[in-house]
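Enquirer: Here you go, one structure.
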Amino acid sequence: MEAIIATVVFAVLSVVCFSVSMLMRREKYASIFAKANPVMPDGRLRYDPQKRLRSGSILLLIYGIVFLITAAAVLLTKVWVVLPNACLVVVLYFHGAFLILGMISRMVYLDTNAQLHVETENESD
C-alpha cells in the first residue's frame with residue numbers, strides 16, 4: 001500500500017510541476033511569477049524577467065520529468081516487482097542529484113546571464 005501511495009504522490013508532483021511550468025510560459029500568468037523578482041536597493045529589478053521565467057519553467061519541466069521517472073521506478077520495483085530494488089536506489093540517487101544540480105545550475109545561469117545590471121570594478125571607483 002505504501003508503494004502505491006508513493007507512486008501517486010510522485011505522479012501528482014509531476015503533474016503539478018508540468019502545470020506550473022506551462023502557466024509560467026503564458027503571458028497571462030507571467031505577472032504572478034514576476035513579482036518574486038528581487039529588487040536592487042536603487043529600485044531596479046535584479047534579473048531579466050523573461051530569462052528568469054524561462055529558466056524557472058525549464059527547471060520545473062526537468063523536475064516534472066524526474067518525478068515521473070521516480071513514480072515509474074516505484075511502480076516497477078515495489079508494486080509490480082518487475083525490476084530489482086537496486087534500480088529504485090539508483091533512481092532515487094539520481095532524483096536527488098537532478099533536483100540539487102538543477103537548482104544550482106539555475107542560480108548560476110541567473111547570476112551570470114540574466115542580470116539586468118552587473119556592477120564592475122570600474123563603475124564602483
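No value in this document is a laboratory result; all are computed from the given coordinates. These numbers come from a predicted model, not from an experiment. Here Cβ is always computed from backbone atoms with ideal geometry, including for glycine, and neighbour counts include all displayed protein chains.
Enquirer: Given the criteria among the basic types (Lys, Arg), assigned to a helix (DSSP H, G or I) and either within 23 Å of PHE94 (Cβ to Cβ) or in contact (Cβ under 8 Å) with a residue 60 or more places away in the chain (or both), does LYS28 qualify?
Expert: Numbers: among the basic types (Lys, Arg): yes; assigned to a helix (DSSP H, G or I): yes; either within 23 Å of PHE94 (Cβ to Cβ) or in contact (Cβ under 8 Å) with a residue 60 or more places away in the chain (or both): no.
Spelling it out, it is not the case that LYS28 is among the basic types (Lys, Arg), assigned to a helix (DSSP H, G or I) and either within 23 Å of PHE94 (Cβ to Cβ) or in contact (Cβ under 8 Å) with a residue 60 or more places away in the chain (or both).
Enquirer: Would you be able to say whether some residue in the range 33-44 is surrounded by 12 or more Cβ atoms within 10 Å (Cβ to Cβ), assigned to a helix (DSSP H, G or I) and in contact with a helix residue (DSSP H, G or I) (Cβ under 6 Å, 6 or more places away or on another chain)? Write out each step before concluding.
Expert: Initially, the range 33-44 is screened for residues surrounded by 12 or more Cβ atoms within 10 Å (Cβ to Cβ), giving 33-34, 37, 40.
If we keep only those that are assigned to a helix (DSSP H, G or I) as well, we get 33-34.
Next, from what is left, pick out any that are in contact with a helix residue (DSSP H, G or I) (Cβ under 6 Å, 6 or more places away or on another chain): 33-34.
Taking every residue of the range 33-44 in turn, at least one turns out to be surrounded by 12 or more Cβ atoms within 10 Å (Cβ to Cβ), assigned to a helix (DSSP H, G or I) and in contact with a helix residue (DSSP H, G or I) (Cβ under 6 Å, 6 or more places away or on another chain).
Enquirer: Filtering the range 89-115 down to residues that are surrounded by 12 or more Cβ atoms within 10 Å (Cβ to Cβ) and of a type in the set (S, T, N, Q), which residue is nearest to THR7 (Cα to Cα)?
Expert: Looking at the filtered set, the residue picked out is SER105.
Enquirer: Look at SER14 and say whether it is surrounded by 14 or more Cβ atoms within 10 Å (Cβ to Cβ) and under 14 Å from the mean Cα position of the chain (by Cα). Break it down into steps so the answer makes sense when it comes.
Expert: Numbers: surrounded by 14 or more Cβ atoms within 10 Å (Cβ to Cβ): yes; under 14 Å from the mean Cα position of the chain (by Cα): yes.
Yes: the conditions hold for SER14.
Enquirer: Of (1) surrounded by fewer than 17 Cβ atoms within 10 Å (Cβ to Cβ); (2) in contact with a strand residue (DSSP E or B) (Cβ under 9 Å, 6 or more places away or on another chain), GLU27 satisfies all except one. Which?
Expert: Of everything listed in (1) surrounded by fewer than 17 Cβ atoms within 10 Å (Cβ to Cβ); (2) in contact with a strand residue (DSSP E or B) (Cβ under 9 Å, 6 or more places away or on another chain), GLU27 misses just condition (2).
Enquirer: When the range 45-59 is examined, which residues are found to be within 16 Å of THR112 (Cα to Cα) and assigned to a helix (DSSP H, G or I)? Outline the logic, then answer.
Expert: As a first pass, look at the range 45-59 and keep what is within 16 Å of THR112 (Cα to Cα): 45-56.
Across the range 45-59, the qualifying residues are PRO49, GLN50, LYS51, ARG52, LEU53, ARG54, SER55, GLY56.
Enquirer: If you check ALA73, ALA86, which single one turns out to be buried (at least 18 other Cβ atoms within 10 Å of the Cβ), hydrophobic (A, V, I, L, M, F, W, C) and more than 19 Å from the chain's Cα centre (by Cα)?
Expert: Working: ALA86 fails: buried (at least 18 other Cβ atoms within 10 Å of the Cβ).
That would be ALA73, the only listed residue that is buried (at least 18 other Cβ atoms within 10 Å of the Cβ), hydrophobic (A, V, I, L, M, F, W, C) and more than 19 Å from the chain's Cα centre (by Cα).
Enquirer: Within the group LEU83, LEU99, which residue is assigned to a loop (DSSP other than H, G, I, E, B) and either of a type in the set (Ser, Thr, Tyr) or more than 27 Å from HIS117 (Cα to Cα) (or both)? Please lay out each step first, then the result.
Expert: Values: LEU99 fails: assigned to a loop (DSSP other than H, G, I, E, B).
On inspection, the qualifying residue turns out to be LEU83.
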